[in-house]
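Just so it is clear, none of the values below were taken in a lab; they were calculated from the coordinates. Note that the coordinates shown come from a computational prediction; the quantities given were computed from them, not determined experimentally. For neighbour counting, all protein chains shown are included, and Cβ atoms are generated from backbone atoms with ideal geometry for every residue, glycine included.
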Protein chains: 2
Amino acid sequence: MTMRTPLPGLPERVSIYEVGPRDGLQNEKTIVPPSDKAEFVTRLADAGLRTIETTSFVHPKWVPQLADAEELLDVLPRSPELRYPVLVPNERGLDRALANGVTEVAVFGSATESFARRNLNRSVDESIGMFAPVVERARAQGLWVRAYVSMAFGDPWEGDVPIEQVVSVASRLMELGCSQLSIGDTIGVGTAGHVTALIEAMTAAGIGVDRLAVHFHDTYGQALANTLAALRAGVTVVDASAGGIGGCPYAESATGNLATEDLVWMLNGLGVDTGVDLGKLVETSRWMAGRLGRPSPSRVVQALSPETEQ
Amino acid sequence: MTMRTPLPGLPERVSIYEVGPRDGLQNEKTIVPPSDKAEFVTRLADAGLRTIETTSFVHPKWVPQLADAEELLDVLPRSPELRYPVLVPNERGLDRALANGVTEVAVFGSATESFARRNLNRSVDESIGMFAPVVERARAQGLWVRAYVSMAFGDPWEGDVPIEQVVSVASRLMELGCSQLSIGDTIGVGTAGHVTALIEAMTAAGIGVDRLAVHFHDTYGQALANTLAALRAGVTVVDASAGGIGGCPYAESATGNLATEDLVWMLNGLGVDTGVDLGKLVETSRWMAGRLGRPSPSRVVQALSPETEQ
């Protein structure tokens, strides 16, 4: 129940880049079996999501939750409409992706040295050096490549991250040949003015809004307001996690990704088309919350699920 | 930790109208003793909040939580800087307010017949008839009067509430002589375009943005995005509840008012002055969450309180 009232300057349609199966589950402690992951992805697709980042070819030692990447990809429903990007940390990850018929991949960069060291075990320069052959080979094979630039607003160790530093890392990632850049507020500290300024700086540096996506975490409650600012700045691809599952292990909070349901509620109200069936999506997230053994952090899922009330 | 980056068109300063002690506690099941309420208000004032709706002179039968209104008002710290509006449902409530030296009062109207019947036990017409002598007498005594128009976006029984209907009720409330109108999304269903359209309609009907406040509930996660839309439309008074306590008993959710901390985080990031010390505010809300025996629904309070993690 929500009145459709457009806001001037917003796009007619927004593409949701669903990250629940990868970014969401990756940060959940409860290990989900591949059969449940397959059901999760299948139900998300049935709810109308068309781009779903399904897993990561990172070494299982680092992310045990995603150790079943091959097994999962093997059983997912395929359709020309559905895109299943997979995270590849390095060339070995790309090898696995290619061996499994993956056609979209993503590399995960960091805007800060501290996070690059902790997450990638190398400097920003070294990480870009590591990604270069990944992107080059992926492109040569006809794959679509997304780049994430994480810690793009604040960093737990470095504090505020200067906009020029983020744009510099982003430009270098895009120059490798990536098709899309997802700007990540990994710890959720950014606010709407900062979002607008960063997108404008990206555009000024030649990374147009048609190649940008935004990836917000709701750690400080800012994710949806920041998304609204990004949409007003011309962005049309928004990352979100069904049920709001996940959460950055480096942030002191149980809340994580922007919940897809909360995003869809806003976009429905704004009359912006997403192609998503909210009812089916909420049902899917309630089911996954049961599997994870904790209530969904999504406000919409909570509001529409009386039995999970506190 | 958040970079201050202004967004064009926002006000330099926002006045937060703190509703935690009244609207927040009113909807909490755990009865809080008056000494704790007094400490709550005192700590909110110490954190820099300057307008705090402290209680209601409703009949104790309807709201047992606020049965101690006189006792509370008796012990609150006074200062020329501090304003303590009190809700008065009718003339008897106003009598009690006047007897207790209250200088700011608020009446609580409904945009819909269904909610007027359920909450006020009368029609919208009858409720405005009931408020007329309250506002007239309050004004004659030199009191400042606020009017709430609740269910201004959606209503659990009627669904979408037409903008013209809300503006009509609001206009009649303001014509009684009220100084400020708080537009309430009591069940939290509204989205940003609807907010903008409603504010524009209010302005067109002669209720300027300098007399408007917005009152959002975060039931569907929209409160902060809606606040951002309201600020861009020129509103400078925002209702919020410390720690996000409260919640409409008619909405199927444990989440309620916009959390003051989440609002302050956004405004700090936007470089908009509120005069609030976020650290002190978070400490206060953590303390109150302990008294209420449940974690704060505020994302910021959660993020800054590792021990309340799920």
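With both labels modelled 7 Å from their Cα along Cα-to-Cβ, the B:Ala205 to A:Trp62 distance reads 5.7 nm.
The phi torsions of the stretch A:161-166, fed into the Karplus equation with coefficients 6.51, -1.76 and 1.60 and a -60° offset, translate into couplings of 9, x, 4, 5, 5, 5 Hz, rounded to whole numbers, with Gly and Pro shown as x. Projecting the Cα atoms of B:Ala204, B:Gly184, B:Val107 onto the charge dipole of the stretch B:15-305, computed from C-beta unit charges around the Cα centre, puts B:Val107 farthest toward the positive end. Over the stretch B:70-136, the alpha carbon radius of gyration divided by the compact-protein estimate 2.2 N^0.38 Å works out to 1.27. With the largest listed first and rounded to whole Å, the semi-axes of the equivalent ellipsoid of the stretch B:169-232 from the Cα gyration tensor are 21, 12, 9. State the Cα centre-to-centre distance between the stretch A:159-182 and the stretch A:2-65 in whole Å. Cα centroid to Cα centroid, the span is 23 Å. Compare A:Ser79, A:Ser296, A:Ser285 in a GNM of chain A, Cα atoms joined below 10 Å, and give the one with the largest fluctuation. Answer for the Gaussian network model of chain A: A:Ser79.
Pairs to check: B:Lys29/B:Lys280; A:Lys37/A:Lys61; A:Lys29/A:Lys280. Give those whose C-alpha atoms are more than 21 Å from each other in this structure.
Values: B:Lys29/B:Lys280 25 Å; A:Lys37/A:Lys61 19 Å; A:Lys29/A:Lys280 25 Å.
Cα-Cα > 21 Å for B:Lys29/B:Lys280; A:Lys29/A:Lys280; rest within.
Tell me the mean residue ellipticity at 222 nm calculated for chain A from its helices only (DSSP H runs of n ≥ 4, each -39500 (n - 2.57), averaged over every residue, nearest 500).
On the way: 10 runs with 112 residues, N = 310.
The helix-only estimate for chain A comes to -11000 deg cm²/dmol at 222 nm.
Quick one: which residues, 5+ away or cross-chain, put their amide H under 5 Å from the amide H of A:Asp155? H built at 1.01 Å from N. Amide H to amide H, under 5 Å and 5 or more residues apart or across chains, A:Asp155 pairs with A:Asp160, A:Val161. Taken over the alpha carbons of the protein assembly as shown as equal point scatterers, the Debye sum produces base-10 log I(q)/I(0) values at 0.06, 0.07 Å⁻¹ of -0.32, -0.43.
Summing Cβ point charges (Lys, Arg +1; Asp, Glu -1) relative to the Cα centre of the protein assembly as shown gives a dipole of roughly 60 debye. Using a Gaussian network for chain B with springs between C-alpha atoms less than 10 Å apart, which of these wobbles most: B:Ala132, B:Ala197, B:Ala259? Of the options given, B:Ala197 has the highest mean-square fluctuation. Our analysis of the stretch A:10-112 gives Rg over Rh at 0.96, with the two radii drawn from alpha carbon positions and Rh computed by the Kirkwood formula. Remark: label point of B:Pro8 defined 7 Å out from Cα along the Cα-Cβ vector; separations to the same position in other copies 1.3 nm, ascending.
Our coupling estimate for the stretch A:92-109, obtained by passing each phi through the Karplus curve with A = 6.51, B = -1.76, C = 1.60 and θ = phi - 60°, is 4, x, 5, 4, 5, 4, 5, 5, 10, x, 5, 10, 9, 10, 9, 10, 10, x Hz, Gly and Pro reported as x. Could you tell me the distance between the Cα centroids of the stretch A:122-140 and the stretch A:280-296, to the nearest Å? After rounding, the separation between the Cα centres reads 36 Å. Calculate log10 I(q)/I(0) of the stretch A:15-305 for q = 0.09, 0.10, 0.15 Å⁻¹, where I(q) comes from the Debye formula with a single equal point scatterer on each Cα and nothing for solvent. The Cα Debye sum returns log10 ratios of -0.37, -0.46, -1.15. Look at B:Ile207, B:Ile16 and count the other Cβ atoms within 10 Å of each Cβ; fewest to most, that gives B:Ile207, B:Ile16.
Can you tell me the equivalent ellipsoid semi-axes for the stretch B:159-310? Use √(5λ) from the Cα gyration tensor, largest first, whole Å. Please list the in-between numbers first.
Values: eigenvalues 168, 57, 34 Å².
For the stretch B:159-310, the semi-axes come out at 29, 17, 13 Å.
At a Förster distance of 35 Å, what's the computed FRET efficiency of A:Asp46 paired with A:Ser114, Cβ-Cβ distance as r, to 0.05?
Values: r = 40 Å, r/R0 = 1.16.
Computed FRET efficiency for A:Asp46 and A:Ser114: 0.30.
Positive end of the dipole of the stretch A:1-96 (Cβ unit charges, origin at the Cα centre): among A:Leu49, A:Pro80, A:Gln26, the Cα lying farthest that way belongs to A:Leu49.
What is the magnitude of the charge dipole of chain B about its Cα centre, with +1 placed on the Cβ of each Lys and Arg, -1 on the Cβ of each Asp and Glu, and no other charges, expressed in debye to the nearest 20?
Numbers: 26 positive and 38 negative charges, 54 e Å.
So the dipole magnitude of chain B works out to roughly 260 debye.
Can you list the chymotrypsin sites (Phe, Trp or Tyr not before Pro) in the stretch B:148-234 that are in a DSSP coil and have 13 or fewer other beta carbons within 10 angstrom? It would help to have the intermediate numbers written out before the result.
On the way: sites: B:Tyr148, B:Phe153, B:Trp157, B:Phe216, B:Tyr220; in loops: B:Phe153, B:Trp157, B:Tyr220.
Answer in residue order: B:Trp157.
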